[in-house]
Amino acid sequence: MTDDNRENTELDAWFDAARQQAPAPPEALMRRVLADADAVQAATARARPGLVTRARASLARGLATLGGTPAMAGLATAAVVGMWLGAWPPAALESLGPQLFDGTAAPGATYTVDLMPGAEFTAPDGGGEDVNDV
Amino acid sequence: MQTPPDSCGGASDEALLTRFAAGDAAAAQALTERLTPRVYRHALRLLGGDGAEAEDVAQDAMLRLWRAASGWRPGEARVTTWLYRVVANLCFDRHRKARMVALGDIDEPCDTRAGAVPRIVARQRADALQAALDALPARQRQAVVLRHIEGLGNPEIARVMDISVEAVESLTARGRKALGVALAGRRAELGFEDD
C-alpha cells in the first residue's frame, strides 16, 4: 500500500468514527423546534382570513370601477343573449351567414334581415305589397 | 446520508414542507424528527463541539425553515441544501470561539455495555478528528464535514457553499491533507497501528 493510500484509508477510519459518534439532539431542543413550528403554523392560519378579506375588497373595487351591480347585470344579460343566439340562431341569421361568406347574396340584400320569414304585411288599402319589396 | 424513519415514511422533505405550509401538524413533526438531528450535528461540528451554541443555531435554522415554508418554490432547491447553507451562515456569524469547548470536554455517562472499549476508541478518534477539524480554516472545515461526514456529493456542496465544484475539490483536498498531518502523531495512541 502506498503512503497516500494508507493515509486515505486512515482518514476514512477517522471519518467513520466521527459518523458513529453522531450526538443526538437534546429532547428540549426537539420540543422547542416543534413549538416554533406550531407557532408559525398558527400564525399562518390566522393570516389566511385576512388574505381572503383583502382579495374580496380588491374584487369589490374592480366591480365598482365597471359600474357596480347594475352594469354587471347588463353584461351578464348580454352574454347570455349572445350565447343563446350563437347556440340557437333564428332561421334568418342561419341563412344569412353562408350568403355573406360565399358571396351568393344579392347586392343590397346582405344587410337585410328578415326577422319573420313567411309573414307578409298587407297595406291597409289592400295594395298587397310585401314590405320586403320596399 | 441516512435518514431516520419518521411518521411520514418516504415523503420527500419538499413534499412535507408543502404540507407543513398547508397546516399539517404531522408534517411539522416529521420534519422536526428528520432534520433537527442533522442540523444540530452539523452546527456542532462547525462550532467545534459547543453544544449550547449548536442548539441555538439548530433552532434558529429550523425556525427560518418554518417561516420560509409558505414561499418555498418546489424544485428550486433541496431542503437539506438550503439548511446546510443557513447553518453555515449562522455558525460563521457567531464569532464567539471563547465559549467553545472540545467535544471531549462534554461529560459522557460511563459506558459499561458489552463492546464498550471499541466504542470508547471510536469516541476518542472522533474527538481527535473534531480537534483537528477545529484547526482548519472555516471554509475547509465546512467542505470536509459536508463531504466526508455528512456524505454530500461535490455538486451539492458547491450549491451549499455557493462555489464551483472545482473549488470544493480543492478545499476538501487541502483539508484532508491538513487533517492527515494533524492526526499523524496520534495514530498509535488511538489504535491505528493495530487496525
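Read-outs: derived from the displayed coordinates by stated rules, not from any lab. Only a predicted model underlies this, so the values are computations on that prediction, with no experimental measurement involved. Because the Cβ atoms are built from the backbone with ideal geometry, glycine has one as well, and the counts that use them run over all protein chains shown.
Evaluate E = 1/(1 + (r/R0)^6) for A:Ala35 and B:Val181, where r is the Cβ-Cβ distance and R0 equals 45 Å; express this FRET efficiency to the nearest 0.05.
Once the sixth-power term is evaluated, E becomes 0.50.
I need the peptides B:63-71, A:24-32 ranked by packing, meaning the mean over residues of other C-beta atoms within 10 angstrom, with the highest value on top.
My ranking of the peptides, most packed first, is B:63-71, A:24-32.
Okay, which of the range A:35-49 sit inside 18 Å, backbone N to the point 7 Å along the Cα-Cβ direction of B:Ala25?
Correct set: A:35-47.
Given R₀ = 22 Å, FRET efficiency for A:Arg19-B:Ile120 by Cβ-Cβ distance, to 0.05?
Efficiency at R0 = 22 Å is approximately 0.85.
Please average, across the residues of B:56-66, the number of beta carbons from any other chain that are within 10 Å of each residue's own beta carbon, and give a whole number.
4
Give me the inter-chain shielding for B:138-148: mean count of other chain Cβ atoms within 10 Å, whole number please.
That average works out to 1.
What FRET efficiency comes out for the pair A:Ala43/B:Glu169, r = Cβ-Cβ distance, R0 = 45 Å, nearest 0.05?
Calculated value: 0.55.
Once you list every other residue whose beta carbon is under 13 Å from the beta carbon of B:Met62, what net charge do they have if Lys and Arg are +1 and Asp and Glu are -1?
Neighbourhood net charge equals -1.
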